[in-house]
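The values are calculated or read from the model by the stated rules, or taken from the named source; none is laboratory data. Everything numeric here is computed off the predicted structure, so don't read it as measured data. As a convention, Cβ positions derive from the backbone with ideal geometry for all residues, glycine included, and neighbour counts pool all protein chains shown.
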Amino acid sequence: MTAGAPTGCRLYLVTPPALDPAAFRDVLAAALDAGDVAAVQLRLKDAADDALRRAIDALRPVAQSRGVAFLMNDRPDLAVAHGCDGAHVGQTDMPAKAARALLGERMLGVTCHASRDLAFAAGEAGADYVAFGAFFPTLTKDAPTRADPDILRWWSELMELPAVAIGGISAANCGELVRAGADFLAVVGAVWSHPDGPAAGVRAMNAAIASAQAG
């Protein structure tokens, strides 16, 4: 998500729903050092503002020092106040247009579920990327919709605005999303819950992406 970055589909990491920032800092560093990652989104839905600030201060430098965009879920205000590269908002969070005004030149991503209309609206509001999903069953959140890979194919053929695929994505099932035109794959469990550790999870995802692109 930065100038001069690798092209093609790339990995987008979303943090676990609960974490200890001091301990997770080294875990995140190891994951980012294991292979190509475009962005890290800090997503702690139930955390108080003080906890969010501590997490940002601990984890943002880990990502940014490696050229990885650090994004804040739901809270463009904290993203701006604490030096994040941008924010991601859902349909029940701050409206995209208001988030765009608050973020200025920082990155804005918008959840669009499986809706073409929401994706168009997000683009018109100034989003830098749209996120479609969930494509597969996920334990991370109660996904209100199930998306079909065809929406990625349709979007990539029609629009230049990047698309992020999210929802239950793993090294085993990501190939069809890559081939359908996803610009980024947002993952949680495939990396943080990998049986051989997060670094192995990043390597596995990057290998699967490369294999799908080669095919």
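Can you tell me how many residues within region 181-195 are out of contact with any helix residue (DSSP H, G or I) (no Cβ under 6 Å at 6 or more places or on another chain) and closer than 30 Å to Leu158 by Cβ?
Looking only at that region, the number is 6.
For region 91-104, give me each residue that is under 12 Å from Asp128 (Cα atoms) and within 18 Å of the chain's Cα centre (by Cα). Within region 91-104, Ala96, Ala99, Arg100, Leu103 qualify. Would you call Ala87 without any contact (Cβ under 8 Å) to a residue 40 or more places away in the chain and not β-branched (Val, Ile, Thr)? Taking the combined requirement at face value, the residue satisfies it.
Is at least one residue of region 174-192 modelled with pLDDT of 95 or more, out of contact with any His (no Cβ under 9 Å at 6 or more places or on another chain), closer than 24 Å to Ala87 by Cβ and surrounded by fewer than 17 Cβ atoms within 10 Å (Cβ to Cβ)? Yes, that holds for at least one residue.
Answer yes or no as to whether Ala119 is among the hydrophobic types (A, V, I, L, M, F, W, C) and not in a helix (DSSP H, G or I). The answer is no for Ala119.
Quick check on region 152-161. Is at least one of its residues on the phi > 0 side of the Ramachandran plot, modelled with pLDDT of 95 or more and outside any helix (DSSP H, G or I)? Checking region 152-161: not a single residue is on the phi > 0 side of the Ramachandran plot, modelled with pLDDT of 95 or more and outside any helix (DSSP H, G or I). Which ones in region 69-116 are among the basic types (Lys, Arg) and either more than 19 Å from Met1 (Cα to Cα) or outside any helix (DSSP H, G or I) (or both)? Within region 69-116, Arg75, Lys97, Arg106, Arg116 qualify. Only residues that are of a type in the set (Ser, Thr, Tyr) and part of a helix (DSSP H, G or I): list them for region 173-215, please. Residue satisfying the conditions is Ser211 alone. On the stretch given as region 30-50, residues that are touching a residue at least 24 places away in the same chain (Cβ under 8 Å) and not in a loop (DSSP other than H, G, I, E, B) total 9. Within region 54-84, the set of residues being crowded, with 20+ Cβ neighbours inside 10 Å and without any contact (Cβ under 8 Å) to a residue 24 or more places away in the chain comprises Arg75 only.
Asp142 - would you say it is more than 17 Å from Gln41 (Cα to Cα) and part of a loop (DSSP other than H, G, I, E, B)? Yes, satisfied. Of the residues making up region 35-50, those that are at pLDDT 95 or above and either within 16 Å of Trp192 (Cβ to Cβ) or of a type outside the set (Gly, Ala, Ser) (or both) number 11.
Of all the residues in region 22-53, those that are closer than 25 Å to Ala208 by Cα, surrounded by 16 or more Cβ atoms within 10 Å (Cβ to Cβ) and aliphatic (A, V, I, L, M) number 11.
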